[in-house]
Amino acid sequence: MEKQGFHRWAWLVVFLLGGLLMLYGGVQDISLFFSYDLAPVPPWHLTPPFVGLICGLIVLVSAGLNIVWGWQLRRADVTRERKVTRWVVLVSCVAMIADLVSGYYGFGSLMALLTGVWLMMKHTKISEK
């Protein structure tokens, strides 16, 4: 099966937005632990510093995983793509929740989550045919 349209570029969304952009988001969450003044963008609600540290570490780990999985999605066959997509959806959902708890929106994790859900729906439609 040759990837066409958005399916061809879905890996890039996971890699760039869910991975590289969320590295910045994780560092920003962790900066809340040291000082609210260090964060380049203030959170939309105040959180305890320890919560910012824990949530930031979660976001950083998920960003690293999304970088690896996004690169794997680039050339993955259907079976491997299904497995990787499930992990992308699960980890991106957890990262988005952690980012919301620490006072940010988690846009990159949301985009990786939505892309993963789209890929899962695409594979569901293909397997039904």
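Any read-out appearing in this document is the output of simple, stated calculations on the displayed coordinates, not a laboratory observation. None of these values were measured; they are calculated from a predicted model. Quick reminder, even Gly has a Cβ in these numbers, built from the backbone with ideal geometry, and neighbours come from all protein chains shown.
Express the C-alpha Rg of the chain as a ratio against the empirical globular expectation 2.2 N^0.38 Å, rounded to two decimals. Intermediate results must be reported in sequence, preceding the final value.
Details: Rg = 15.7 Å, N = 129, 2.2 N^0.38 = 13.9 Å.
After normalising by residue count via 2.2 N^0.38 Å, the value is 1.12.
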| message | Suppose a student asked you for the relative contact order of the chain, using Cα pairs under 8 Å spaced at least 6 residues apart; what percent would you report? | response | 33
| With each label point set 7 Å from Cα along the Cα-Cβ vector, what nm distance links Thr79 and Lys3? | 1.9
| query | Can you run phi through the Karplus equation (6.51, -1.76, 1.60; θ = phi - 60°) for segment 11-17 and list ³J(HN,Hα) in whole Hz, with x for Gly and Pro? | reply | 4, 5, 5, 5, 5, 7, 7
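Between Tyr105 and Leu20, take the C-beta separation as r, use R0 = 22 Å, and let me know the FRET efficiency to the nearest 0.05. Intermediate results must be reported in sequence, preceding the final value.
Working: r = 17 Å, r/R0 = 0.76.
FRET efficiency, Tyr105 to Leu20: 0.85.
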| Nearest 0.05, what FRET efficiency do His123 and His45 give at R0 = 41 Å with Cβ-Cβ as r? | 0.65
